[in-house]
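The values are calculated or read from the model by the stated rules, or taken from the named source; none is laboratory data. These figures come from a predicted structure and were not determined experimentally. Because the Cβ atoms are built from the backbone with ideal geometry, glycine has one as well, and the counts that use them run over all protein chains shown.
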Amino acid sequence: MTPPPVRPEPRWPAGLALLAVGGLRLALPESLSVGPDWLLLVVIVALIIPTPLARRAGNHRLSRILGFTVTGIVTLDMIWSLGLLVAALPARKESPRDMLVSAAALWTTNILVFASWYWRLDAGGPGQRELRGTHTDGAFLFPQMTLDPQARRTMGEETWNPGFIDYLFLAFNTSTAFSPTDVPVLSRWAKVLMMLQSLISLATIALLAARAVNIL
């Protein structure tokens, strides 16, 4: 019995997540942003639009370069804004409302940015995962990977591959529980990224708590 054909993973959730990051940037005051508040969104759109075009044209290398470039830009922008937010806390340069909104926006951005990194890096990226047909080896041990072949056939998961939502769930758990919960981490690079994500999440949550106490 031949396994069912592999369904290509939709890429639009990853692009939508990056667009959401650009939208969240609009919530930050100008003092916590590099350049105009709309600049990051314009850069994201400019890099996202040619990415699927390059992939459809068969230029997968260019598609990967564009994907890594836009993810790297939003990561640097987030870290820079977080640094400015931390520096602004003791100086009280921003209003309490702006501080709370900025911390919440950066906390959400942190989830979306690291979900994008996990999605792009795990097992060679979405393209390589699709070529393998089924996901059996990677930086994360998803529950579906622990099923025996017979159980996977019974459940219709013979060609299961993690999608962006799976990595978004992983990133959300890392930022809220500071742990991967049901998805063990196997790779060292993934452990480093998850430690960095947890550190950023802890910093933003601490800022929220500090400002809330100060307001009270």
* For residue 132, work out the one condition from (1) touching a Leu at 6+ places or on another chain (Cβ under 9 Å); (2) free of Cβ contacts under 8 Å to residues at least 60 places away in the same chain it doesn't fulfil. => (1)
* Residues (surrounded by 18 or more Cβ atoms within 10 Å (Cβ to Cβ) and either among the aromatic types (Phe, Trp, Tyr) or touching a residue at least 60 places away in the same chain (Cβ under 8 Å) (or both)) located in the stretch 67-107 -> 78, 82, 85, 94, 98, 99, 102, 103, 105, 106, 107
* Structure fact -> Within the stretch 138-164, of all residues that are closer than 24 Å to residue 194 by Cα and loosely packed, with under 12 Cβ neighbours inside 10 Å, the one modelled with the highest pLDDT is 143
* Check residue 33 against each of (1) closer than 19 Å to residue 110 by Cα; (2) at pLDDT 90 or above; (3) of a type in the set (S, T, N, Q) and name the one condition it does not meet. => (2)
* Asked: Any residue in the stretch 102-113 that is at pLDDT below 90, aliphatic (A, V, I, L, M) and more than 14 Å from the chain's Cα centre (by Cα)?
  -> yes
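A quick yes/no check of all residues on (1) under 16 Å from the mean Cα position of the chain (by Cα); (2) exposed (fewer than 13 other Cβ atoms within 10 Å of the Cβ):
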residue	(1), (2)
11	yes, no
18	yes, no
35	no, yes
50	no, no
